[in-house]
Amino acid sequence: SAPFAPSTPSAPSAPFAPSTPSAPSAPFAPSAPFAPSAPSAPYYAGPYPPSVPYSSPLASSALPSELPSAPVGQQGEQTQYFRPDRTGEGTLHLCSLFFSVVCWGLCVCLAVWSILLAYETDIPTRKHYTTVVAILGPLAGVSYLVYIVETCCSGTTQFLLNPMQSFSVFSFTDRLRKNAPFYLLDVRCWHTETRTRTVTTTDSDGTEHTTTETYEVDVTTYTETETFVPISWRDVSGPLDGVQFFPIVKLSLIKNIELCGSAKRRFDAACSSIVRRNQHRDDHIALTTTSHIPEFQNRILAFRDLDKRPCCLGCGVFVLCSLLLLSWPYRLWFDRICVRGEYTIRKIIDA
């Protein structure tokens, strides 16, 4: 047999080369926050554009009807989500309760004394009953008048006078954010006059005494109003969202206007100018400044569906209940079916 031949040694393998490290994976990105679906009613629900400082060519003497508008928002603004601060619980409306009890008490007393007077035949007793009725009648009338005035000035009346569809509130607040703020400078000039009047008093003996007394009154002789219009301003309120998720919302609007930098100096100069221009007109002068935003309203009643609101929720029913001295229970019921929240309109005047 052939001699043994050793096999040819194999070529050495290539040295170990570590594999190329893979590129690091992208960091985890959280999913976008949940956005509620757009409602069927038309309103702007997209991203709000960043603001550009608005410049107005108007001078400080411009009228409010000439006020400019401007883009809304600014970079980094935050949406104001509606947060109800009260659900089903309202105030006790103690002022309304007090006047209602007083009116009911006086009316009942007046009715009782009037019935006693009608059936009384004794002359001295009739005179006594007549005096009591003569006193109770004006008291009942005055208390009822005060009760009506309090009802007309109540927050419930203001809410009922401004009903809106929920999605109409969004367009309304957007208009407020676009409207330019302004200030009214009101000057009043007056002096004090001393006047006399005759006062008649009766003592315990039935004797009448006439005396003359003096008193002082303020007499206004001149008034003037000037409008301070900003040159540039920004709205940093942020859009409103969340009202549409509640059936009935009592929305209170808060107005917050800030003067910064050169705007503060212009405003102080305008105040000093109008005072200096009119201080010679009389002995005293007073300046009152008030901030304004066109179309601004303090209270809005928002309905998710205006066509499905309760039939007894309206100004007509509230007026009828108020005339019947039932304003207090109506207000308690109104608070029970509503939620309440706030939205702040904040504007910064830069110049």
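Descriptive notes on the structure:
- Sorting ASP335, ASP307, ASP218 on solvent-accessible area from highest to lowest, probe radius 1.4 Å, gives ASP307, ASP218, ASP335.
- Surface accessible to a 1.4 Å probe, per residue, for the residues of the range 304-351, Å²: 51 Å²
- Length available on full extension from TYR222 to ASN298: 0.36 nm per residue minus the Cα-Cα distance, which gives 24.3 nm.
- Taking label points 7 Å from Cα along the Cα-to-Cβ direction, GLU193 and ALA118 give a separation of 5.0 nm.
- Apportionment of accessible area to carbon and sulfur, the range 220-351, percent (1.4 Å): 54 percent
- Neighbour-limited loop hits for GluC sites (Glu not before Pro), the range 214-320 (at most 13 other Cβ within 10 Å; DSSP other than H, G, I, E, B): GLU295
- Per-residue Karplus couplings for the range 301-310, computed as 6.51 cos²θ - 1.76 cosθ + 1.60 with θ equal to phi - 60°, are listed in order as 9, 9, 10, 5, 9, 5, 6, 10, 6, x Hz, Gly and Pro entered as x.
- If a spin label sat at a point 7 angstrom from the Cα of THR201 along the line to its beta carbon, the backbone N atoms of the range 216-243 nearer than 19 Å would be those of 216.
- The range 164-234 - accessible surface per residue (Å², probe 1.4 Å): 53 Å²
- Phi-derived couplings, Karplus 6.51 cos²θ - 1.76 cosθ + 1.60 at θ = phi - 60°, listed residue by residue for the range 185-192: 9, 10, 10, 10, 10, 8, 9, 9 Hz, with x used for Gly and Pro.
- The distance between label points at GLU342 and THR290 comes to 2.1 nm (points 7 Å beyond Cα on the Cα→Cβ vector).
- Label-to-label distance, nm, for residues given as ASP241 and LYS127 (7 Å Cα→Cβ offset): 8.0 nm
- Length added when fully stretched, ASP307-ASN162, from 0.36 nm per residue minus Cα-Cα: 50.7 nm
- Nearby lysines by direct alpha-carbon distance to LYS178 (threshold 25 angstrom, same-chain neighbours under 8 apart not counted): LYS250, LYS255, LYS264, LYS347
- Contour excess over end-to-end distance, with Cα ends at THR211 and LEU139 and 0.36 nm allotted per residue: 23.1 nm
The values are calculated or read from the model by the stated rules, or taken from the named source; none is laboratory data. This one's a predicted model, so the numbers in the text were calculated from it and none came from an experiment. Don't worry about glycine lacking a Cβ; one is built from the backbone with ideal geometry, like all the others, and counts go over all protein chains shown. Just the protein is used for accessible areas: all its heavy atoms, side chains included, with ligands, DNA and RNA removed. Shrake-Rupley method; radii C 1.70, N 1.55, O 1.52, S 1.80 Å.
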